[in-house]
Structures are given as structure tokens and as C-alpha cells.
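Input: a single structure, listed below in C-alpha cells.
The values are calculated or read from the model by the stated rules, or taken from the named source; none is laboratory data. Values in this document were obtained by computation on a predicted structure and should not be read as measured data. Please note: Cβ atoms are built from the backbone with ideal geometry, for glycine as well, and neighbour counts cover all protein chains shown.
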Amino acid sequence: MRIGIDLGGTKIEALALDAAGGETWRKRVATPRGDYRATVAAVAALVREAGEGNVGIGIPGALSRVTGLVKNANSTWLIGKPLKQDLEAAIGREVRLANDANCFALSEAMDGAGRGDRVVFGVILGTGVGGGIVVNGRVLEGPNAIAGEWGHNPLPLPHGADLPLPKCYCGREGCIETYLSGPGLARDHAAATGQTLTPEEIVAGGNEETLARYEERLARALAGVINVLDPDVVVLGGGMSNIERLYTGVPRLWGEYVFSDDVATRLVKHLHGDSSGVRGAAWLWGGPGDR
């Protein structure tokens, strides 16, 4: 059996797959935000409940190739921690860790919305903003373990309502994540209207001006990816991917910024819901992601 864990900023999801890839068990719990030890304990408890099997874990960051410690995590209480070693000690077995966006992209490339496409760029628009690249069924990580880390590039061509550049937890200003994450949408709406609403309330309320700004910023940001990577498909995941207007509105807008007379890249919604990350994590052992 393969066990996948998606360690997110607000939830931890666990899933078990049998030898044929069928789901046998699933559970979600709230993430103990800000508490590293409680986070390790929560993951270990889920694994024990899932039973025996190989464990793959998607994390909102990456392991440093130099120190082995977590880096680049928007769940900042994980940064600088020996997460792999601590989890293995708590669980009592080897674990494989990968960036959560890479897990998401792998799942959608293998049997999801990007199935059959050669180059897939998977995007997580949630508590943070991440990206993963899969080419011919293989995740690209790169020598610095940052391939696809799209959310910490600057938003292209900031102007007007984009200014002043918002500060990011990473120490920079104007990162794509500060605009396109769920908290970024809420911040932008509050700045423009004085209303403090959740992203869900903003979407449900049909706040046209706020959603139009979000849509146009996403178009600018994804155009930069297309200009560099030229993927067959961009698959959106995370809570913000449930804004249905994005799938028609963004492709209408990104052509202005893509260096081509036509844009064949498709923008699609995830097939496996916000559980794609946990499915990809499970495949880190003995499945397509292990090839």
C-alpha cells in the first residue's frame, strides 16, 4: 500500500492507495498552524491510522540540497526544520518528501486534467502560490530544487492598483503570491473597499472589480510562464481554482503578454479536486512519480 500526505497551510490530508492505485482510505485534519512539533505529530497520527505502507509527503516548500532542512515554505514554521528526519523518527519508517505543487502537477499529468500532454505546468492557488512542472511524466526539480517556483517571481508590469508592492514573507516585495493567493485576494479587496471578507465571501458576493483585478493579474503572471516554458496545458488547483470565470477570462487576456501570434496553451481546472496533491504524494513510491 502507498500512503500519501498533503501537508498544507490550513489542512493535512492523508490517503491510502492499494497496489492497483485504488483509494482505500482518506482523512483530513486541520493543520496546527505555527506549531512545528504539533504538525509532525499530526502527520504521524494520520500515518498510523492509515496503516502499513510506504509514505510520500507533499510539503509547501522544499528540502535544501545543502542542509537537508526545509526552505521556501509559506508555512513558515517549517522553515529551517529537519522535517524529513523528524517525521521518520515519529513514524518509524522512511518517508519521501516533495514539493506539494510538484505532487499536484504529477497527479494531474498522469491521470488528471493534463493526461496525454507532454508538458504540464501545475499551479496551486491557495494559502500560498506554487507551481510544478512535469515533462513526459517526470517531475522537474532542478539543481536548486526550485523548478516551478513561480509564486516568488515578481508580478509582471505592476501598475496602478498593484502599487505599492506588498511585502512577502520571503523578504521580497511584489511576489506573485502576494497578489494571487487567497490571503492576497482578501488583502486586495480590503485595500480597495475597506471590507474584510474571506476569499470565499468575495467570490460568492460577485465582487466584480476585485475579481477582475485578480483575473488580469493571473493572466499577466501565467503569460510569463508560457513565454519561458511554453507548456501544452496549465492546470489550476487550490481553493482559488474554483473561480470558474478564470478559465474563460484569463485566456482572453494573456495573449496581450504572450510572445506569439496565437496561444495554443490550454488553461484547465484540476480533475481530482484539491486532493491531487495527496495523490501525487502517494505516487512518490512505486508509481508513475517513481519512474
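The figures follow:
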item: Within segment 1-32, considering residues that are without any contact (Cβ under 8 Å) to a residue 12 or more places away in the chain and not in a strand (DSSP E or B), the one surrounded by the fewest Cβ atoms within 10 Å (Cβ to Cβ); result: A20
item: Filtered residues of segment 178-201 (kept if within 21 Å of the chain's Cα centre (by Cα) and crowded, with 19+ Cβ neighbours inside 10 Å); result: T178, Y179, L180, S181, G182, G184, L185, A186, D188, P199
item: Looking only at segment 96-125, and only at residues there that are crowded, with 24+ Cβ neighbours inside 10 Å and of a type in the set (V, I, T), the one that is modelled with the lowest pLDDT; result: I124
item: Residue under evaluation V235, criteria (1) surrounded by fewer than 21 Cβ atoms within 10 Å (Cβ to Cβ); (2) not in a helix (DSSP H, G or I), criterion not met; result: (1)
item: All positions within segment 1-37 that are hydroxyl-bearing (S, T, Y) and in contact with a strand residue (DSSP E or B) (Cβ under 9 Å, 6 or more places away or on another chain); result: T10, T24, T31
item: Segment 75-95, subset of a type in the set (A, V, I, L, M), surrounded by 21 or more Cβ atoms within 10 Å (Cβ to Cβ) and closer than 25 Å to E177 by Cα, residue nearest to the chain's Cα centre (by Cα); result: L78
item: Residue selected from segment 238-257 under the condition without any contact (Cβ under 8 Å) to a residue 60 or more places away in the chain and surrounded by 20 or more Cβ atoms within 10 Å (Cβ to Cβ), by the criterion farthest from the chain's Cα centre (by Cα); result: W254
item: Enumerated helices (runs of 4 or more DSSP H) restricted to segment 166-212, each holding at least 1 residues that are of a type in the set (K, R) and farther than 11 Å from G128 by Cα; result: 182-193
item: Matching strands (runs of 3 or more DSSP E) fully within segment 51-148 where at least 3 residues are closer than 26 Å to D35 by Cα; result: 54-59, 95-99, 129-135
item: Considering residues of segment 169-183 that are in contact (Cβ under 8 Å) with a residue 40 or more places away in the chain and small (G, A, S) only, the residue farthest from R220 (Cα to Cα); result: G182
item: Some residue of segment 254-276 being closer than 30 Å to E23 by Cβ, β-branched (V, I, T) and modelled with pLDDT under 95; result: no
item: Members of segment 33-74 found to be among the hydroxyl-bearing types (S, T, Y) and either surrounded by fewer than 19 Cβ atoms within 10 Å (Cβ to Cβ) or within 16 Å of E94 (Cα to Cα) (or both), listed by number; result: Y36, S64, T67
